[in-house]
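The values are calculated or read from the model by the stated rules, or taken from the named source; none is laboratory data. The structure presented is a predicted model; accordingly, all values stated were derived computationally and were not measured. Glycine gets a Cβ as well: all are built from the backbone with ideal geometry, and neighbour counts include every protein chain shown. Ligands, DNA and RNA are excluded from the accessible area calculation, which covers all protein heavy atoms including side chains. Shrake-Rupley method; radii C 1.70, N 1.55, O 1.52, S 1.80 Å.
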Amino acid sequence: MRWWDIPPVLELEHELFPEDAWSAGMFWSELAHSRGPAATRRYLVAEAPDGRLVGYAGLAAAGDLADVQTIAAARDQWGSGLGARLLTELLRAATAFECAEVLLEVRVDNTRAQKLYERFGFEPIGFRRGYYQPGNVDALVMRLADPAGSLGSATSPVRSENHG
């Protein structure tokens with residue numbers, strides 16, 4: 001993800017997560033930590049053949065722990081495997097950051113996403129009550145113990161840069 005991707009990412013963010021969408025400032029802050037030798041974040045976008053942004057994802061790493069910060073696919077891409085390809089790229093990033101485990105939070109009412117994470121080997125480990133605001137929706141916390149072992153051979157239209 002690059003700075004010029006933020007406006008189309010925000011459009012998709014507000015379409016998919018109207019109650020608890022990230023702000024432009026949140027994306028800018030994350031991108032500030034995704035460049036250079038001390039990078040602790042990896043953000044990427046997926047584009048359709050026509051150049052339209054159809055998905056994005058981000059991961060934060062600290063020590064041997066990574067956290068999936070966000071992952072989203074446009075509604076017209078649901079069922080296409082795009083979510084799996086984005087998640088695969090995040091797990092590759094976690095492996096590159098030498099993380100031993102990956103955590104994530106997912107809305108308790110988002111069973112479609114939960115099933116995706118379970119296919120990759122994520123297991124539920126707890127809840128965060130009222131995590132998603134302002135709707136006061138609980139988050140299911142999931143953990144993957146071996147991100148490198150969960151990588152498939154998926155190919156993707158994902159663009160990930162690690163430079164300025």
Protein-only accessible surface order, largest first, of Phe97, Phe27, Phe127, Phe120 at 1.4 Å: Phe127, Phe97, Phe120, Phe27
- prompt: Tally Lys/Arg at +1 and Asp/Glu at -1 over every other residue whose Cβ is under 9 Å from the Cβ of Leu53; what's the total?
  reply: -2
message: Need one value: the accessible area of Leu10 in square angstrom, 1.4 angstrom probe, rounded to the nearest 10.
response: 30
message: Counting pairwise Cα distances across the range 75-115, what percent come out greater than 13 angstrom?
response: 64
- request: Might you tell me the accessible area per residue for the chain, computed with a 1.4 Å probe and given in Å²?
  value: 50
query: For the modelled label position 7 Å from the Cα of Ala145 along Cα-to-Cβ, which residues of the range 109-139 have backbone nitrogen atoms closer than 12 Å?
result: 122-123
- prompt: Tally Lys/Arg at +1 and Asp/Glu at -1 over every other residue whose Cβ is under 13 Å from the Cβ of Arg112; what's the total?
  reply: +2
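Can you pull the percent of the chain's accessible area that's carbon plus sulfur, 1.4 Å probe, other chains left in place?
On the chain, the fraction of accessible area on carbon and sulfur atoms equals 53 percent.
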field: Environment charge at Glu101 (Cβ cut-off 14 Å; Lys +1, Arg +1, Asp -1, Glu -1)
entry: -4
query: With labels modelled as points extended 7 Å from the Cα through the Cβ direction, what inter-label distance (nm, one decimal) is found for Arg75 paired with Asp50?
result: 1.7
- prompt: So, how do all the Cα-to-Cα distances of the range 26-140 break down into 10 Å bins, in percent, from 0 on up?
  reply: 13, 42, 38, 7, 0
statement: Those GluC sites (Glu not before Pro) from the range 1-78 that are DSSP loop and have at most 13 other Cβ neighbours within 10 Å turn out to be Glu19
